[in-house]
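Enquirer: One structure, pasted below without further comment.
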Amino acid sequence: DGKRVRRKAVARTKKEAGERLAALRRDAESGLEPEAARWTVADWLERWLETESKPSVRPRTHLMYQAAVRNHLIPALGRHPLRSLTATHVKAYMGVKAEAGLAPQTIRNQHATLRRALAIAVRYGYVEKNVAGLVSPPKVRRDEVNPLRPDEVRQFLGAAHGHQQETLFVLAASTGMRLAEVLGVTWGSVDLGAGTVRVEQTLVRYEREFHLDPPKTRQSKRTIAIPGHVVEALRAHRVRQVEDKLKAPLWVNDWDLVFTDEVGRPVESRGLHDEFVGLLDRAKVRRVRFHDLRHGAATYLLAQGVPMKVVQDVLGHSQISMTADLYSHVVPELRRDAADRMGDVLFGS
């Protein structure tokens, strides 16, 4: 605004004073905020958590950032002046964490948290560059997707017949919904007449309580068509739930969730995983993760010739490249099928 701005710096020697003066001039010329010159990395990360992360991301995501910042980043890097943090510091940090036995994905998550925080600092003129962005995080080996075969899924669902959450497994296997999405389905989001389920929220547990949070991304909010067999399974499940409600001394399903325990409480994902593995063993099929039901649904759709774009929409992926990358193992089979179909069109069967 045309007014003179004075800055004060204290130094012990003339040489040090000259260096401080030069630093202040550089900051002024580069447009950096003088206020941030006194901050440490810890100062900024705490400010970022409170003023940037907390208001803008899902509560569970904020808690993940908070754990990475306070349990790892601040203890290791917090003492450094914010503007003195270098790419070498960040690289050394990741090396120490790797030697301590942290998984590559965990280190990547911590690196991403620091990179996000520093990106905001650059935007506000607190630092000149994002030094975390100059360092590549460790690579994570992606396991090949190897879901249950359709016959194995049928065996599994047969073993789950009569289980309290039988219909939950049926819905997950036939739609590819994420576990948190399935657990968050309410009867208000199910249209049995139209044969659809709307994904509008996820059920997650943090801070010792269940929460209904928004889906992972904007694309995750979607309406999924379900097979007729699944519609009938949901009808039967609703009848059983009403019977449970009548028998329960106190029914606590305030959210009107489709999947609950015998007294209406939300289903705990950790316990469900254990029951899932037990049912796999009872069915005498190989052990897979619950998430592999999602991979299986996508693989079956692609193998049936469903376009990749449609599969992306069903799964709620934000980008089609993500779908194509995850299920590249199905592409050779699709190419063969496409060639055979072209042959039928041009030359007859």
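The values are calculated or read from the model by the stated rules, or taken from the named source; none is laboratory data. What you are looking at is a predicted structure, and each value in this text was computed from that prediction instead of being measured. Neighbour counts are summed over all protein chains in view; Cβ atoms, including those assigned to glycine, are modelled from backbone coordinates with ideal geometry. The protein model used for the area step is the full one, side chains on, heavy atoms only, and it has no ligands, DNA or RNA in it. Shrake-Rupley method; radii C 1.70, N 1.55, O 1.52, S 1.80 Å.
Enquirer: Just for helices (runs of 4 or more DSSP H) wholly inside the stretch 128-194: which have at least 3 residues that are surrounded by fewer than 16 Cβ atoms within 10 Å (Cβ to Cβ)?
Expert: Qualifying helices (runs of 4 or more DSSP H): 150-159.
Enquirer: Moving on. Every residue in the stretch 115-127 that is open to solvent by less than 40 Å² (accessible area, probe 1.4 Å) and β-branched (Val, Ile, Thr), please.
Expert: Ile120, Val127
Enquirer: Could you grab me the full set of residues in the stretch 54-102 that are of a type outside the set (Val, Ile, Thr), in contact (Cβ under 8 Å) with a residue 24 or more places away in the chain and under 30 Å from Asp213 (Cα atoms)?
Expert: Those that are of a type outside the set (Val, Ile, Thr), in contact (Cβ under 8 Å) with a residue 24 or more places away in the chain and under 30 Å from Asp213 (Cα atoms): Arg58, Pro59, Arg60, Leu63, Met64, Tyr65, Ala68, His72, Leu73.
Enquirer: Restricted to the stretch 201-222, and to residues that are without any contact (Cβ under 8 Å) to a residue 40 or more places away in the chain and farther than 21 Å from Val311 by Cβ, which residue is least open to solvent (accessible area, probe 1.4 Å)?
Expert: Gln201
Enquirer: Here are some conditions: (1) touching a residue at least 60 places away in the same chain (Cβ under 8 Å); (2) aliphatic (A, V, I, L, M); (3) under 30 Å from His62 (Cβ atoms). Ala236 meets all but one. Which one does it not meet?
Expert: Status for Ala236: all satisfied but (3).
Enquirer: Turning to a different aspect of this structure: For the stretch 263-287, what are the residues that are open to solvent by less than 20 Å² (accessible area, probe 1.4 Å), touching a helix residue (DSSP H, G or I) at 6+ places or on another chain (Cβ under 7 Å) and closer than 15 Å to Leu157 by Cα?
Expert: Scanning the stretch 263-287 gives Leu279, Leu280, Ala283, Val285.
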